[in-house]
Structures are given as structure tokens and as C-alpha cells.
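Enquirer: Here's a structure for you.
Laboratory data are not the source of any read-out in this text; all were calculated from the coordinates shown. The structure presented is a predicted model; accordingly, all values stated were derived computationally and were not measured. Note: ideal-geometry Cβ built from the backbone for every residue, glycine included; neighbour counts use all protein chains shown.
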Amino acid sequence: MRSFSIGDAALSDIDGLVRLEEASFGSDRISRRSFRWLIRSASAICRVARAGDAIAGYAVVLTRDGGSVARLYSIAADKPWQGIGLATTLIADAERAARDRGMTRLRLEVREDNSGAIRLYERLGFGRSGLRAEYYADKANAIRYEKRLPALWPPRAATASRRNRQPAG
């Protein structure tokens, strides 16, 4: 079994992210400039799966202050790392990161002709929530999926209030 670790993306990862993006997608690619913005943005969660010095995959989640719905903006696994559970691990990590920011749901769009990704999302508990006609640059339709994220326990507010209590007397 090949091993990898998942952590926050760094600016030094941009070359590898762009290479993976170009290998993974024929169009609608994230640009170098956009990766730079995503890595620096407080509203984005950009996670990278590393196998030694190589980038095996990544996931980008977008959030909004005061919002409750996060969006799995993009996910990719390099070909040699497909079929071993990397995408499943990246999605679980994305769900945890979104939940840590107080999000209660995770949404995504997927090309309606991407049967492998559709099977994965449905297996992981995502449900269809709509269709976006001509969503992609090549006019392909997207299916929108959504998943309710399990609540944090204990809730962050309860944890914070317990920590801030002063001892009696």
C-alpha cells in the first residue's frame, strides 16, 4: 500500500498543483494565479495529499463567513494514486475541515458524464440536489450534489463556554 499524508497547501505547491490540474482536466482548470489566491484566502481550504515530495492529489473547499454551506470547489487525484482510496480520504478531510469552520452542509458540482465521480459521491452519502445546464466551458451539464455534515460534538460554543468558566468561590 502506498502512503500519503494530507496537509494545508503552501505557495511552494503551486507548480505541482498546476501540473496535476493540467493532467486531470481538459478544460475549466484552476490557474496558477487562482491557486495562489486560494492558498492565501481565509475563505478557502486548500488541502494537498503528498507522497514524499510529489503531490498525489488535492481538494479545495470554499466557505463564507456566517454561512453554513461549504462548496467542494475542486478535487483531483493523480493517475498513479487513483483506485486506492485517495479521493475518499481527501473528501473525508474536506468534510472535517468544513465542519471545523462551522459548516453544516457540503455541496459540489460534477459533470453528468463523470460516472466514476458520481458513484463515489453517492457512495459517500451525497444526494442529488439539482442540475446546472451548460455549466462547464464546453457546455456540459453539471449535477449538483449535497451532503449534510455531522454536527461537531461538543458544539464549539459549548466547548468555548466551558473553557471560559471561572471556578466557583
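Enquirer: Taking amide H positions as placed in the peptide plane 1.01 Å from N, state which residues far from Ser129 in sequence (5 or more) or on other chains have amide H under 5 Å from it.
Expert: Those lying under 5 Å, H to H, from Ser129 are Arg144, Tyr145, Glu146.
Enquirer: At a Förster radius of 22 Å, what calculated FRET efficiency corresponds to the Cβ-Cβ distance of Ala151 and Thr88, to the nearest 0.05?
Expert: Numbers: r = 22 Å, r/R0 = 0.98.
Computed FRET efficiency for Ala151 and Thr88 comes out at 0.55.
Enquirer: Whole percent per 5 Å bin, from 0 to the bin with the longest distance: what is P(r) over all C-alpha pairs of the range 1-62?
Expert: 4, 19, 31, 25, 15, 5, 1
Enquirer: Mind jotting down a quarter of the surface of the convex hull over the alpha carbons of the chain, in square nanometres, one decimal? Spell out each step's value before the answer.
Expert: Numbers: hull surface 48.6 nm².
Value for the chain: 12.2 nm².
Enquirer: For the chain, what does -39500 (n - 2.57) per DSSP helix run (n ≥ 4), summed and divided by total residues, give at 222 nm, in deg cm²/dmol to the nearest 500?
Expert: Helix-only estimate at 222 nm: -9500 deg cm²/dmol.
Enquirer: Just name one of Leu72, Ser43, Ala87: the one whose Cα is farthest towards the positive end of the charge dipole of the chain (beta-carbon charges, Lys/Arg +1, Asp/Glu -1).
Expert: Ser43
Enquirer: For the pair Leu131 and Asn114, how long in nm is the line joining their label points, each one 7 Å along Cα→Cβ?
Expert: Simple spin-label model gives 1.8 nm for this pair.
Enquirer: So in the chain, what percent of DSSP beta bridges are antiparallel if you round to the nearest 5? The partial results should precede the final answer.
Expert: Working: 30 of 33 bridges.
Antiparallel: roughly 90 percent of the beta bridges in the chain.
Enquirer: Quick one: 3J(HN,Hα) in Hz for the range 74-90, Karplus 6.51/-1.76/1.60 with θ = phi - 60°, rounded, Gly and Pro as x.
Expert: Result, rounded to whole Hz: 7, 8, 8, 10, 5, 3, x, 9, 7, x, 10, x, 5, 4, 4, 5, 4.
Enquirer: Now for a different question. How high is the FRET efficiency from Trp37 to Arg96, r the C-beta distance, R0 22 Å, rounded to 0.05?
Expert: Taking R0 as 22 Å, the efficiency between Trp37 and Arg96 is 0.45.
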